[in-house]
Amino acid sequence: PPQPRIEACRTDRGWRLRGAKPWCSGVQTCTHALVTADVDHGARALFAVDLSEAGVRRETTEWAATGMSTTETGTVHLDDVPARPIGPPGAYLDRPGFFHGGIGVAACWWGGARKVADAIFRTSPADDVTAMHLGAIDARLLAGFAMLEQAAGIVDAHPDDLDGARRLALSVRWSVEQVATEVIDRVARALGPTPLVRDAEHAQAVADLEVYLRQSHAERDLIDLGRLTEAPLFGRFAGRDGITLEPGAGTR
């Protein structure tokens, strides 16, 4: 989120942080944290913070959602808190690994969608409509799995390709988000409200996934992807760069 933010200031006592960092999971459990903060000239840097410092205040009362309610997500407020820099400004965000991690989040979305789909996979299709939704869900999950598997091979073969990692992450995240959103919708259309009101595990899985999916920046990511795209991403990696197109084949 654009607000609130943390500002970092270099003093004669070292780096000090001031501001608020929202969306901190494990806020009541963690003893230390890595946080990004604004430094000079609009750059951002990564800092290590000891959460036992006097200027730290943890807040969890803002979290009203049922989804991901057990993650202890809240806001950490920092008031002149000492911090240790981890790398130079920009090093955390402007690296291939940051975008590789974004693909990892998409893999978690896929796993959440597979969990939601359990409700329909446990049933025998009662009619053609249910069978149709079941078939579509199975196909969409397979497509998402294949994309993630191929992305893993690309990352392994090109670990230092920053531009490729950025485009790959945006593409994979958008595609897997569509898979997960469609699975939620089709399960509900096929089975109606019954599993949502009588199956606590399913209802929680749906609520968790709907919140987690909103870590996607939705259409904003597509805008970024379009601005980065000069030629098909497929041609950047396929065949000539050592990536096979066969699922499970990895690199050669």
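The values are calculated or read from the model by the stated rules, or taken from the named source; none is laboratory data. Please read these numbers as outputs of a predicted model, since none were measured by experiment. For neighbour counting, all protein chains shown are included, and Cβ atoms are generated from backbone atoms with ideal geometry for every residue, glycine included.
In table form, for the structure just shown:
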{"read-out": "Check on Thr70, farther than 21 Å from Glu7 by Cβ, modelled with pLDDT under 95, surrounded by fewer than 15 Cβ atoms within 10 Å (Cβ to Cβ) and in contact with a strand residue (DSSP E or B) (Cβ under 7 Å, 6 or more places away or on another chain)", "value": "no"}
{"read-out": "Test: Thr36 is within 19 Å of Ala91 (Cα to Cα) and of a type in the set (Ser, Thr, Tyr)", "value": "yes"}
{"read-out": "From the options Ala205, Ala152, residue that is closer than 25 Å to Thr71 by Cα, assigned to a helix (DSSP H, G or I), under 22 Å from the mean Cα position of the chain (by Cα) and not assigned by TED's automatic domain parsing to the domain that holds Pro22", "value": "Ala205"}
{"read-out": "Matching residues in the stretch 55-70 - criterion: being of a type outside the set (Ser, Thr, Tyr) and in contact (Cβ under 8 Å) with a residue 12 or more places away in the chain", "value": "Gly55, Val56, Arg57, Arg58, Glu59, Glu62, Ala65, Gly67, Met68"}
{"read-out": "Filter result for Val176 (farther than 19 Å from Arg122 by Cβ, of a type outside the set (Phe, Trp, Tyr) and touching a residue at least 24 places away in the same chain (Cβ under 8 Å))", "value": "yes"}
{"read-out": "Residue check, Val116 surrounded by fewer than 13 Cβ atoms within 10 Å (Cβ to Cβ), farther than 30 Å from Cys9 by Cα and either in the same structural domain as Cys24 (by TED's automatic domain parsing) or in contact (Cβ under 8 Å) with a residue 24 or more places away in the chain (or both)", "value": "no"}
{"read-out": "Of all residues making up the stretch 180-195, the number that are surrounded by fewer than 16 Cβ atoms within 10 Å (Cβ to Cβ) and part of a helix (DSSP H, G or I)", "value": "3"}
{"read-out": "Near pairs, Cβ below 8 angstrom, 6+ apart or cross-chain, from the stretch 124-136 (touching a residue at least 24 places away in the same chain (Cβ under 8 Å)) to any residue that is acidic (Asp, Glu)", "value": "Ala136/Glu182"}
{"read-out": "Residue in the stretch 180-198 that is touching a residue at least 60 places away in the same chain (Cβ under 8 Å) and within 13 Å of the chain's Cα centre (by Cα) present", "value": "yes"}
{"read-out": "Criterion violated by Arg57 - all others in (1) in contact with a strand residue (DSSP E or B) (Cβ under 7 Å, 6 or more places away or on another chain); (2) of a type in the set (Lys, Arg); (3) in the same structural domain as Thr194 (by TED's automatic domain parsing) satisfied", "value": "(3)"}
{"read-out": "Residue identified as in the same structural domain as Leu213 (by TED's automatic domain parsing), out of contact with any Leu (no Cβ under 8 Å at 6 or more places or on another chain) and over 29 Å from Arg167 (Cβ atoms) among His133, His100", "value": "His133"}
{"read-out": "Options Leu34, Leu93; residue that is within 21 Å of Ser216 (Cβ to Cβ) and surrounded by fewer than 17 Cβ atoms within 10 Å (Cβ to Cβ)", "value": "Leu93"}
